[in-house]
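Notes follow the structure.
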Amino acid sequence: MFTGLVEELGEVRSVDPVGDGVRIRIAARTVVEDAEIGSSIAVNGCCLTVVELDPDGFAADAVPETLRRTALGALGPGAPVNLERSLAAGDRMGGHLVLGHVDATTTVRDVRANDDGSWWVVFDLPQSIAAYVVEKGSIAVDGVSLTVAALTDDTFAIALIPHTAAVTTLGRVQPGSVVQLEADCLAKHVERLLGPILARHQEPRA
């Protein structure tokens, strides 16, 4: 479990085939300070398990299911990635609960600079998660906890402050960039719990 507060920008060293999946090697310092083999690290919001470790980086495997669900397969050497260690008991919850389970990928539709140095970024809204996205609610974009600032039937927008733009990959996105999304997990649980109840109420009565 994560909070969506990126700890550092790592850099992909290599992406090597391993069977039907890949092994991604990433240069990093902060997130490996207390990491062990088997530790969880979110890479652009996708929870990966450390399989190799050294003082200035780590390696993790992305299996075929992960490659189907995420944009990790498109990474190449030199690509920057958002990194976050898993949440420890007692840590401050500065973002929101992020599981590291990517729901969908999407495309940046528009990026506009504001006079105060912030950015207005518009994304296509995948219909598979549209029901879970609400204005002023939380969403993780490439692992960054963000607030939905505006919402339409097929887009959502976020107001990106200068600090977030500077310390995450989101400061480099352009129209056409592909990002990973994770919707608020609480909304998905509520839907699952209420589904059978609502279905019973909709059944025709004899």
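The values are calculated or read from the model by the stated rules, or taken from the named source; none is laboratory data. Source: prediction; values computed, not measured. Neighbour counts are summed over all protein chains in view; Cβ atoms, including those assigned to glycine, are modelled from backbone coordinates with ideal geometry. Each accessible area value is taken on the protein alone, full model and side chains, heavy atoms only, with ligands, DNA and RNA left out. Shrake-Rupley method; radii C 1.70, N 1.55, O 1.52, S 1.80 Å.
Inspect the range 188-199 for any residue being in contact (Cβ under 8 Å) with a residue 60 or more places away in the chain, closer than 28 Å to G10 by Cα and out of contact with any Ser or Thr (no Cβ under 8 Å at 6 or more places or on another chain) and give the result as yes or no. No, the range 188-199 contains no residue that is in contact (Cβ under 8 Å) with a residue 60 or more places away in the chain, closer than 28 Å to G10 by Cα and out of contact with any Ser or Thr (no Cβ under 8 Å at 6 or more places or on another chain). The test for being at pLDDT below 95 and β-branched (V, I, T) holds for I197. Restricting the range 16-41 to residues that are open to solvent by less than 20 Å² (accessible area, probe 1.4 Å) and part of a strand (DSSP E or B) leaves a set whose member that is nearest to L97 (Cα to Cα) is I41.
Residues that are over 11 Å from R23 (Cβ atoms) and out of contact with any Ser or Thr (no Cβ under 7 Å at 6 or more places or on another chain) within the range 48-72 comprise L53, D54, P55, D56, G57, P64, E65, T66, L67, R68, R69, listed in sequence order. Quick one: would you say L9 is touching a helix residue (DSSP H, G or I) at 6+ places or on another chain (Cβ under 9 Å), open to solvent by 30 Å² or more (accessible area, probe 1.4 Å) and closer than 18 Å to T168 by Cβ? Judged against the criteria, L9 is a match. Every condition in (1) surrounded by 16 or more Cβ atoms within 10 Å (Cβ to Cβ); (2) among the small types (G, A, S); (3) touching a residue at least 60 places away in the same chain (Cβ under 8 Å) holds for G76 except the one numbered (1). The residue that is farthest from the chain's Cα centre (by Cα), among those in the range 42-83 that are among the small types (G, A, S) and in a strand (DSSP E or B), is G57.
Pairs linking a residue in the range 34-46 that is touching a residue at least 12 places away in the same chain (Cβ under 8 Å) to a residue that is assigned to a loop (DSSP other than H, G, I, E, B) and of a type in the set (V, I, T), with Cβ atoms under 7 Å and 6 or more positions apart or on different chains, are G45/V102; C46/T70; C46/V102. Any chance you could count how many residues in the range 53-71 are open to solvent by 60 Å² or more (accessible area, probe 1.4 Å) and closer than 14 Å to E33 by Cα? Within the range 53-71, residues that are open to solvent by 60 Å² or more (accessible area, probe 1.4 Å) and closer than 14 Å to E33 by Cα number 3.
Among T152, T168, which is the only one that is modelled with pLDDT of 95 or more and over 17 Å from the mean Cα position of the chain (by Cα)? Criteria check complete, one pass: T152.
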